[in-house]
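Student: Let me give you the structure first, and then I'll get to my questions.
No value in this document is a laboratory result; all are computed from the given coordinates. Just so we're clear, the structure is a prediction, and the values are computed from it rather than from any experiment. Don't worry about glycine lacking a Cβ; one is built from the backbone with ideal geometry, like all the others, and counts go over all protein chains shown.
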Amino acid sequence: MSNNLSQIEIDRVIEMAWEDRTPFEAIHFQFGLNEQAVIQLMRNNSKPSSFKMWRKRVQGRATKHALLRSVGVNRFKCSLQKTISLNKISKR
């Protein structure tokens with residue numbers, strides 16, 4: 001599945017996979033890769049030790065699966081994260 005992705009897209013999928021608050025469903029929506037395809041992509045594009053660390057980190061993590069998230073979590077970024085507008089970082 002990842003054969004159709006450019007190196008930039010693969011890098012972005014890896015970045016999203018490492019982010020705690022980005023669910024696999026968001027990766028599927030944006031890149032068309034299901035959880036198993038993301039696992040395979042991570043295995044093929046990471047050092048073995050990095051892949052093992054990532055798998056241990058995401059296994060069972062509720063924030064990586066939209067259906068397991070708390071009811072109040074309905075966005076992909078933290079509510080405390082600053083927004084960017086007109087190339088200036090707003091205070092809130």
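Student: Relative contact order of the stretch 2-69: what whole-number percent is it, with Cα pairs under 8 angstrom and at least 6 residues apart?
Tutor: 35 percent
Student: Distance in nm between label sites at K52 and R21, each 7 Å beyond Cα in the beta-carbon direction?
Tutor: 3.1 nm
Student: Cα atoms only: what Rg and Dmax, in Å, come out for the stretch 1-40?
Tutor: Cα-based Rg and Dmax for the stretch 1-40 come out at 9.0, 26 Å.
Student: Across every pair of different alpha-carbon atoms, what Kirkwood hydrodynamic radius in Å does the stretch 2-69 reach? Walk me through the numbers before you get to the answer.
Tutor: On the way: mean 1/r = 0.0837 Å⁻¹.
Kirkwood hydrodynamic radius for the stretch 2-69: 11.9 Å.
Student: Please compute the modelled spin-label separation between D11 and N34, points set 7 Å along Cα→Cβ, answer in nm with one decimal.
Tutor: About 3.0 nm separates the two model spin labels.
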